[in-house]
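The values are calculated or read from the model by the stated rules, or taken from the named source; none is laboratory data. The shown structure was predicted, so the numbers you read here are calculated from the model rather than taken from an experiment. Because the Cβ atoms are built from the backbone with ideal geometry, glycine has one as well, and the counts that use them run over all protein chains shown.
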Amino acid sequence: MAVRDLPTRARVVVIGGGVGGASVAYHLAERGETDVVVLERDELTSGSTFHSAGLVGQLRADPTLTRMNMYSVELYRRLQGTDTPPGWTESGGIKVASSPERLQEIRRQISWARTFDLALEEISADQAREMFPLMSTEGVVAGAYLASDGYLDPSQLCYSLANAARALGVRIFTHTRVLGIDTADGRVTSVRTDRGDIECEVVVNCGGMFAAEIARMVGVRVPLVPMSHQYVVTEPMLEDPTVVLPTLRDPDLLVYYRQEVAGLVMGGYERNPAPWTADMTHVDAIPADFNGRLLPEDWDRFEEITDNSQVRVPAMADAGLRKIINGPEAFTPDNEFCLGETEVDGFFVAAGFCAHGIAGAGGIGQVMAAWVLDGDPGMDLWHMDIRRFGRQYRSPSFTLKRTMENYSTYYDIKYPLHERTSGRPLRTSPAYAWHTSHDAIFGEKSGWERVNYYASNASAGDEKLRPQGWPGHHWSPAVGAEHNATRDAAGLFDESSFAKIEVSGDDVVGFLEQVCDNHVAREVGAITYTQMLNHRGGIEADFTVTRVADDTFWIITGTAYGSHDLALLRKRARELSAEVRITDMTGQFATYALWGPRARDILATLTSADLGNEAFPFMTSQELTIGDIPVRALRVTFVGELGWELYVSSEYGAALWQSLMDAGEPKGLVPAGYRAIESMRLEKGYRVWSTDITPETSPYEAGLGFCVKLDKVGGFIGQSALAEQKKAGVSRKLVCLTLDESSRVALGSEPVRFEGTVVGRVTSAGYGYTVKASLAYAYLPIALAAAGTRVDIDLFGDWIGAEVVKQPVFDPAGERVKG
Ligand SMILES: Cc1cc2nc3c(=O)[nH]c(=O)nc-3n(C[C@H](O)[C@H](O)[C@H](O)COP(=O)(O)OP(=O)(O)OC[C@H]3O[C@@H](n4cnc5c(N)ncnc54)[C@H](O)[C@@H]3O)c2cc1C
């Protein structure tokens, strides 16, 4: 390509000519956006793509990702019929369980698969060997088979997508290195290359493991680490290479296999992973000339995988090895992709594919094209959204620790409520020392240490309530004890990790009214529960808004959602040209929730303020002093009890916690943790964003219609979509179900069946200690949403009966909250 061919302008510039960039470009063009330029610093497929093993497995823990991978397969089948086919072989895929626990996991996956019509079936060890005759069945308990899994040639896939994109008008420039990206007023304006500059509106960073370096050009952090990932290719060892073998995974042995002509490709996830870094300070810096290259063979580190591979496929012991591929690949701290628009308008990222970029490329291209062209991806991509990472991931060392932990435990069974251990403790509450000295069992969220429960409360609980199977793994009787104590007297919860955002400024009233579905700009002191919606009426965020002054509001949102909600608010402010200041105050304030029927009595011993219903009504806020300490009190609840959340400047935090405990203990107060909150909120039917409510569900469907103020003067984002939905009526509704067997507890994502047909999927679930029932929530077709409807829920292959019940199941009149 001659130098003069580089255009000076394009609407969209895609950086990176691997499968990611090629797929994004193709899908943009397919949607009609053909003013797209792809820039590749070397040749197409010269990054991670060319050395991939090429397996395409569809089922993942995340339903959205599974749907994306299913679309990939559809696309690869289609591309196979073009002039540049990707070498798609629909071989089927087997996963074997070499332990009873793994079989449980497989049964759980089979159950999920039912919710998206994926024909994953359980097979016996002998059936697995029939399909993959080289396999030994020793130690194999059973397995699962998915006929539509397969493999392809990754480089051919890249060329196939690139050719399809070119055919639709996309221009691709190889040997064109991006050196800089310009911005003005917080949005990208042009890309600078070693062959000239291109003005543009949108940049999509598809830089694979180079994506962090590219993002630094605009000051954006993409937390990923190039990790060394290895597989071997054997000499011919198959008797009849014309018989297509399915892919084979044995996660207990950490290995996977696929056919390569008459030999096998065998790879795995080592327990002792190695980051590949050019510079330990940045951990993601890659030499400028690293293209079309591999890393040196590392047999020592691969030894465990090689040994294991001979257990499942004994012929591997005698097979000659043609080559070992050691290639770097971008892994992220939570093993999920980094997708979406960043804090710089028009600067998108699609990278960090964690050795699943070939399986994911089709779906990634599709959602990214929607994100660029429609402003949102059209699906709930929370788990992959770049905005999920808090500021702690700006740290290369923290990113590295988390990435290493995830890689080394990649194939491990993660029981529900499994906690990660690396990089802890990092963010702690002022009461942290108190918690540790009182036997707190901590969980971690967004780097925060949060009390799950106190082991010291276990003796007051009931061991007989331990749920059967997986939900019983990380369970303690303390949870029930803390739940009951809160309902009977009071519980004190440390919620300092809550994300707190202050929004202020001249335009703040108009701005918040525009971005929230509820009427939030009420009198000073008023607290409003609200959602932020997308234009389709889907829920993008869910929080409370407290008016603390005429021109100042506090938004309180979940620990994990702080970065996401901040980014969303700032983006909306730019879109609406609103003169507002949006400040993250999370670390400035500790937050303690005092909830329970005795909350008022306890607080009254520490303050002269009138805490009565008239002077301090539900959903209002005031500044008070508690003992010697100034606080802002919000009369809200997430457990369905009387009480207050107390926001205190962090330096007073330790003293406030101690004062509350001292005053409360004689009145039955117990310190309590997040597990008890979860159980109580399920009884009360309070929704959680990212599970019960998502960008794919509307407030009407979720039973949050009371928040929607359709008649709001000036309107709000999502209003017209909701007005239409209201007129037409919703077709599904979030219902509460009680399971017939109270010791069987759902974990989320299980299929719900009505008269033999799958009609929904569990969003969240748990045990309610007051109502003494196993509870689950699910969206069901409206015809089935009435109380009394009988359904079944699939728990590890057992269909457990359940009934739709009127919600909330606890205190439907809300008397306790207003007590
Ligand atoms: C050993 C191994 C085995 C794997 N096996 C599988 C598998 O079986 N199944 C599966 O699904 N996935 C697998 N993967 C993962 C898969 O290969 C990757 O996820 C995928 O190829 C990544 O594609 P990408 O487009 O994001 O990145 P890349 O292919 O790395 O493309 C990024 C491109 O950006 C270019 N670039 C960087 N900086 C600039 C710049 N400044 N200007 C212009 N261009 C730039 C680079 O040159 C590069 O070509 C494997 C990976 C490895 C390493």
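Hey, any hits in region 363-373 for a residue that's assigned to a loop (DSSP other than H, G, I, E, B) and touching a helix residue (DSSP H, G or I) at 6+ places or on another chain (Cβ under 9 Å)? Among the residues of region 363-373, not one is assigned to a loop (DSSP other than H, G, I, E, B) and touching a helix residue (DSSP H, G or I) at 6+ places or on another chain (Cβ under 9 Å), which makes the answer no. Here is a check on your reading of the model: is G16 touching an Asp or Glu at 6+ places or on another chain (Cβ under 7 Å), at pLDDT 95 or above, over 30 Å from P241 (Cα atoms) and within 15 Å of the ligand (Cβ to nearest atom)? Here the answer is yes, as G16 does meet what is asked.
Scanning region 173-219 for residues that are in contact with a strand residue (DSSP E or B) (Cβ under 6 Å, 6 or more places away or on another chain), in a loop (DSSP other than H, G, I, E, B) and at pLDDT 95 or above yields a count of 7. Scanning region 324-345 for residues that are more than 10 Å from the ligand (Cβ to nearest atom), not in a strand (DSSP E or B) and not hydroxyl-bearing (S, T, Y) yields a total of 6. Here is a check on your reading of the model: is F348 in a strand (DSSP E or B), of a type in the set (F, W, Y) and under 24 Å from S52 (Cβ atoms)? For F348, the condition - in a strand (DSSP E or B), of a type in the set (F, W, Y) and under 24 Å from S52 (Cβ atoms) - is met. The set of residues from region 680-714 being assigned to a helix (DSSP H, G or I) and either of a type in the set (A, V, I, L, M, F, W, C) or touching a helix residue (DSSP H, G or I) at 6+ places or on another chain (Cβ under 7 Å) (or both) comprises M680, L682, F706, C707.
The lone criterion from (1) over 25 Å from S148 (Cβ atoms); (2) hydroxyl-bearing (S, T, Y); (3) away from the ligand (no atom under 14 Å from the Cβ) left unmet by S46 is number (3). If you go through region 203-223 one residue at a time, do you hit one that is more than 23 Å from L28 (Cα to Cα), acidic (D, E) and within 10 Å of the ligand (Cβ to nearest atom)? Within region 203-223, one or more residues are more than 23 Å from L28 (Cα to Cα), acidic (D, E) and within 10 Å of the ligand (Cβ to nearest atom). Of the residues Q109, Q80, the single one that is more than 16 Å from the ligand (Cβ to nearest atom) and modelled with pLDDT of 95 or more is Q80.
Scanning region 118-158 for residues that are assigned to a loop (DSSP other than H, G, I, E, B), farther than 16 Å from Q58 by Cα and not aromatic (F, W, Y) yields S124, P133, L134, M135, S136, T137, E138, G139, V140, V141, D153. Note on region 224-273: among residues that are in a loop (DSSP other than H, G, I, E, B) and among the charged types (D, E, K, R), the one that is nearest to the ligand (Cβ to nearest atom) is E270. Residue-level check: of (1) within 30 Å of the chain's Cα centre (by Cα); (2) aromatic (F, W, Y); (3) surrounded by fewer than 24 Cβ atoms within 10 Å (Cβ to Cβ), Y231 misses just (3).
Which residues, taken from region 777-787, are of a type in the set (G, A, S) and more than 13 Å from Q807 (Cβ to Cβ)? A783 - this is the single residue of region 777-787 that is of a type in the set (G, A, S) and more than 13 Å from Q807 (Cβ to Cβ). Name the residue that is nearest to the ligand (Cβ to nearest atom), counting only residues in region 19-43 that are hydroxyl-bearing (S, T, Y) and in contact with a helix residue (DSSP H, G or I) (Cβ under 7 Å, 6 or more places away or on another chain). It comes out as S23.
Residues checked against (1) assigned to a helix (DSSP H, G or I); (2) hydrophobic (A, V, I, L, M, F, W, C); (3) farther than 24 Å from Y767 by Cβ:
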position	(1), (2), (3)
Y453	no, no, no
W475	no, yes, no
R487	yes, no, no
G491	no, no, no
E523	no, no, yes
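The residues listed here are I386, I358; of these, the one that is within 11 Å of the ligand (Cβ to nearest atom) and touching a Ser or Thr at 6+ places or on another chain (Cβ under 8 Å) is I358. Of the residues making up region 804-819, those that are in contact with a strand residue (DSSP E or B) (Cβ under 8 Å, 6 or more places away or on another chain) and either at pLDDT below 95 or not in a loop (DSSP other than H, G, I, E, B) (or both) are V804, V805.
For G718, indicate whether it is under 27 Å from the mean Cα position of the chain (by Cα), crowded, with 19+ Cβ neighbours inside 10 Å and over 19 Å from V759 (Cβ atoms).
So G718 fits the description; yes.
Evaluated against (1) away from the ligand (no atom under 12 Å from the Cβ); (2) in contact with a helix residue (DSSP H, G or I) (Cβ under 9 Å, 6 or more places away or on another chain); (3) modelled with pLDDT of 95 or more; (4) part of a loop (DSSP other than H, G, I, E, B), Y71 falls short on exactly one condition, (4).
Is it true that some residue in region 43-64 is under 26 Å from N291 (Cβ atoms), at pLDDT 95 or above and over 30 Å from the mean Cα position of the chain (by Cα)? There is at least one residue in region 43-64 that is under 26 Å from N291 (Cβ atoms), at pLDDT 95 or above and over 30 Å from the mean Cα position of the chain (by Cα).
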